[in-house]
Every structure is written in structure tokens, then in C-alpha cells.
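The values are calculated or read from the model by the stated rules, or taken from the named source; none is laboratory data. Predicted, not measured: the structure shown is a model, and the values here were computed from it. Here the Cβ is made from the backbone with ideal geometry for all residues, glycine too, and neighbour counts use every protein chain on show. Side chains included, ligands, DNA and RNA excluded: accessible areas come from the protein's heavy atoms. Shrake-Rupley method; radii C 1.70, N 1.55, O 1.52, S 1.80 Å.
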Amino acid sequence: MNATIRELLAEHGSLPVSVETLANDADLYEAGLSSFASVQVMLALEEHFDIEFPDTMLNRKSFATIAAITACVATLCGDQEAAQ
Amino acid sequence: MNEISEIKAMDLVERARRVAKIAASHADDVDARGRFPEEAIAAMKAERLLGVQVPADLGGEGATTAEIAEICSILGQSCAAAAMTFSMHQIKVSSVVSHGADAPWHQAFLKRIAGEQLLLGSATTEAGIGGNMRNSICAIEVDGDTCRLEKDATVISYGEEADAILVTSRSHADAAPSDQVMTVFLKGQYTLEKTHDWDTLGMRGTCSDGFLFKGEAPAEQILPKPFAEIAAQSMLANAHILWSAVWFGIAADAVNRAQSFVKAAARRTPGTTPPGALRLAEVSGLLQLVKSNVMTALGQFEAARDDETKLSSMAFAVAINNVKISSSELILTIINHCMMICGIMGYKNGTPFSLGRHLRDAHSAQLMISNDRILANSSTMLLVQRQDTSLLR
């Protein structure tokens, strides 16, 4: 799941740096993730995993790091292990 | 509201009214000459209104956003430029209160704001960023305990009159454009070289000239939180609510003038309804919409205030954006209606029903953070955010 999220982030995140250089806990906003791009990534995740982000997850924190995104997606997919 | 805070609010209202009286008597001159509303600002300092938002334990009065909005509206009914200056100052104070109160330097600074009634200015726009204040080109340079910053600021409202300026920049030389910090520079720690004159249609007294800003200060004056969080959690909400309160004040004064006009006509011809009366009824409904809008936003902000997740949520951002868009558009419709009611007496300058200044000042509302930019921002969020259809909070 982490690998897929990294792929989608690379494709839709319009980041000025390569996603491979980012640790799971690196701050994506500091790395240059704009709010517009974060929505594009969300849409790609919703499409790919067939999920819908609830309002409670639509905030800056949910998308601050790759680890945070993974936790949100895992929760929505019912994957308890990855959500930890 | 409990009894003590009611007394405090009354006291603030009385003090704001005294300032408004002074501001009103100079408003036409401020507008005609495009000069700073110095009498109104001096009165604000004398009434100690510049420090009201500072927490009580730091020498202020811990005024709520609703109380500050009420002051903005009262001032907006007399001199829009003075009111806008007050609101922009309070927006800057809110950033320091919300995001700097734990840092020793910023705590001491808040004490000085209240004690010395310092006026805070803002330098968030920059040549080359296309109006998007969430991007910076300039970067702050931290060298040991000192920080240096040079910024080609296309607008610094009342830059020359401010006692301190809060400046945004990238957080270091290699930072992404959106990786920003905000730094407090005190008068004496910077130079301003004027690059653009503020000669505008309205809001002429805010003296929002452009400057080349060069500053050097102790590095501890950099606000400890990223600007992205300051913007999302306090600045945008404060700005859109307090600006809307100023705009409500401008529109409310226009409606007052239109009502006086209709009343005068009614007194001259008892028994017949004056021609403007129907339009007055219509415009009173529109004004109520702006008021409801601002009051709802105040309630939402109050409810979310201590919850960072709520404040950074898309639902909150969309709601606050909507407040700005609708108030800035509605006031133009309202003032135009008032002009139809007052006719040539509203169109002429120097009558008790003149509305030219109101209309010109109100035209700035759609442009200070362009409504098109805000709509684009909301439209992105609405791709994932669902509408809030509940009438309960």
C-alpha cells in the first residue's frame, strides 16, 4: 500500500523533489505539496482504492506525511495492520 | 454571555463609538487627500483599542473575535480606511496571540503591543508571486542569532506609520516557495524604500504603498510555527471575518443614509409612501444577510478555535471563504440600492446622503485577496469536500 501511495503521490503531487528522497515521516508541505496538489492526490487515492475520504480526514494533518496518508487509506480500506 | 463580559463588551462599544466620531469627522479629507487617518488611529491608541486582543495576563483585555468584529463594524460606519487599518492590525495581533504566545520574545512583544499601543503592519505580498501570499520568493537568512530579510513588497498597508511589520518569507534559502515563516520586525530594525504609490479608487487612507523592505533582527523574532499553519488556523479566518465586519459597517452606514432619505421624504408628504420605501425594505433584507453571514462565521470560528484539526479542515476553509465572497459581493448590491433610493443626493459629494465614498471603498472588497482566487481555492476543495447541509452546529 505504501508503494502504491508513493506512486500516486509522485504522479499527482507535483512535488519539486523526487518522492523516493522523502522519508515516510517527512513533512510533505515543507517538501512543496500545495493544497491544490493534495486534493489531486486525494482524488487519485479515492479512485484507486475505491474509497471516499470522510470530512473528518479532510484536513492538513491527514496529508502531512506519507505515513499519515497511509494510515488514513488503511483505515478506510479496513486494513488494521497498516493503519497502526 | 455572562454579566462581566457583557459589561466589557459595552465598554468596548462605547470606546469604539468615541473613536468613530473622530474618524467620521476626518473621513472625507482622508479620502480626498489619500492620507493616513492619523486622528482616528491616535484616538484608537488613546482609547487603548489596539491592544484589546492581547490576553489579560499580558496587559490586554482578551477581547473575543466577535467583540473585535463589532469594533470594526462601528469604525466601518464612520471611516472605512480607519476601520480597515484597525482590522489589518488586529489580524496581525491574532497571529502573534495564536501562534507566538508560548515564545518568550513574542510574549514580551504582546505586552508591548498592549502597553505602548503599537500598530502592526503586514508584508505578505511580493512582486512575482502573482498575488498568492502562500508562496514567497524571498528567503530569510539566519546567521547565528541574527536574521536578515530583503523583500520586494508590492503592498505594505500603512507601512510608514506602522510600529512593527510582520513579514512572510521562505524559511531558508533552499526552501520550497510554500515553506514559509513569518517574522516580526520592529521599527528601527528595517528600512523601507518606496516603490509604488497608493493612488486608488477607494480605501485611499490605508496608504498601501509598495516598498523594498530590508530588515535585520534577532532570529528569535521569527514566529515559531510554519506560516502555513498560521494562515490556515488563524489568519484567514480572522481576515475574512474582520474584513467582512468592516464591509458590513460600510454597507450599514449606506443603508442608514438611505433610510434617513426615505424618512425625510415621508415626513414631507404624510399619508403617502415615498418612492424609495420599497427599495429600503428590500435593502434591509440584504443587509441582514451580510450580518447573518458574519455572525454565523463568528460562531463557527468560536466553536473551532481550540481545535487545530477543525481549524485546518476543508469544511471550515470553504465556509470561511464563502463568507468573504458573499459579503464582498453583497455590499456592492446594497450600496447600489441605496444610491437608487437617494438618487442625485446620493451621487453628489458633500450631502448628508452622499454614497460615493462608500461605493468606492466597497469596491476594494472583491479584490483584497481576489474573489476569483478564493473561488478557485474553494472549487478545488469541493472536489472532495461534501456540503454541510445541517442547520445544527
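The value given for segment B:39-98 is a Kirkwood hydrodynamic radius of 11.5 Å, derived from the mean inverse Cα-Cα separation.
Cβ-Cβ distance of B:Glu14 and A:Ala3, R₀ of 51 Å, FRET efficiency by 1/(1 + (r/R0)^6): the value works out to about 0.20. For the residues of B:224-237, the average number of beta carbons from a partner chain within 10 Å of their own beta carbon is 1. For the options A:Ala74, A:Ala44, A:Ala23, a Gaussian network treatment of chain A with springs between C-alpha atoms closer than 10 Å singles out A:Ala23 as fluctuating the most. If you take all other residues with their beta carbon under 13 Å from the beta carbon of B:Asp361, and give Lys and Arg +1 and Asp and Glu -1, the sum is 0.
Computed over segment B:69-118, the convex hull of the alpha-carbon atoms projects to a mean area of 3.6 nm².
Considering only B:Gly276, B:Ser364, B:Phe301, the residue lying farthest towards the positive end of the dipole of segment B:227-381 is B:Gly276, judged by Cα position with unit charges set on Cβ. Treating r as the C-beta distance of B:Glu216 and B:Ile344 and R0 as 56 Å, the FRET efficiency rounds to 0.50. Projecting the Cα atoms of A:His12, A:Val41, B:Gln77 onto the dipole axis of the protein assembly as shown, where Lys and Arg carry +1 and Asp and Glu carry -1 at the beta carbon, places B:Gln77 farthest toward the positive end.
Taking the Kirkwood radius as Rh and the Cα radius of gyration as Rg, segment B:3-118 has a ratio of Rg/Rh equal to 0.99. Taking every alpha-carbon pair under 8 Å whose residues sit at least 6 apart, chain B reaches a relative contact order of 16 percent. Residue-normalised convex hull volume from the C-alpha trace of the protein assembly as shown: 163 Å³ per residue. Based on every Cα atom in segment A:4-63, Rg and the maximum pairwise Cα distance Dmax equal 11.0, 30 Å. Here chain B exposes an accessible surface that is 54 percent carbon and sulfur, computed with a 1.4 Å probe and the other protein chains kept in place.
Residues of segment B:158-184 that bury at least 10 Å² of accessible area when the other protein chains are present, relative to the chain alone (probe 1.4 Å, heavy atoms, ligands and nucleic acids excluded): B:Ala176, B:Ser178, B:Asp179. Applying 1/(1 + (r/R0)^6) with r as the Cβ-Cβ distance of B:Ala265 and B:Leu289 and R0 = 22 angstrom yields a FRET efficiency of 0.30. Taking the Cα centre of segment B:214-337 as reference, the dipole from Cβ charges on Lys and Arg (+1) and Asp and Glu (-1) amounts to some 820 debye.
Among B:His89, B:His172, B:His106, the largest mean-square fluctuation in a Gaussian network model of chain B, built with springs joining Cα atoms closer than 10 Å, belongs to B:His172. Beta-bridge orientation, the protein assembly as shown: approximately 85 percent antiparallel, per DSSP, counting only bridges with both partners inside. About its Cα centre, segment B:1-138 has a charge dipole of approximately 300 debye under the convention of +1 per Lys or Arg Cβ and -1 per Asp or Glu Cβ, with nothing else charged. Across the alpha-carbon set of chain B, the Rg to Rh ratio works out to 0.98, Rh being the Kirkwood radius. Buried between B and A is an accessible area of approximately 1500 Å², summed over both sides with a 1.4 Å probe.
What number does segment B:122-221 give for Rg over Rh if you use C-alpha atoms and the Kirkwood radius? Ratio value, two decimals: 0.97.
Expressed as a fraction of 2.2 N^0.38 Å, the value expected for a compact globular protein of N residues, the C-alpha radius of gyration of segment B:227-381 is 1.21. Only the Cβ atoms of Lys and Arg (+1) and of Asp and Glu (-1) were treated as charged; on that basis the dipole of segment B:122-221 about its Cα centre amounts to roughly 260 debye. For segment B:31-89, the relative contact order is 25 percent, taking Cα pairs closer than 8 Å that sit 6 or more residues apart in sequence and dividing their mean separation by the residue count.
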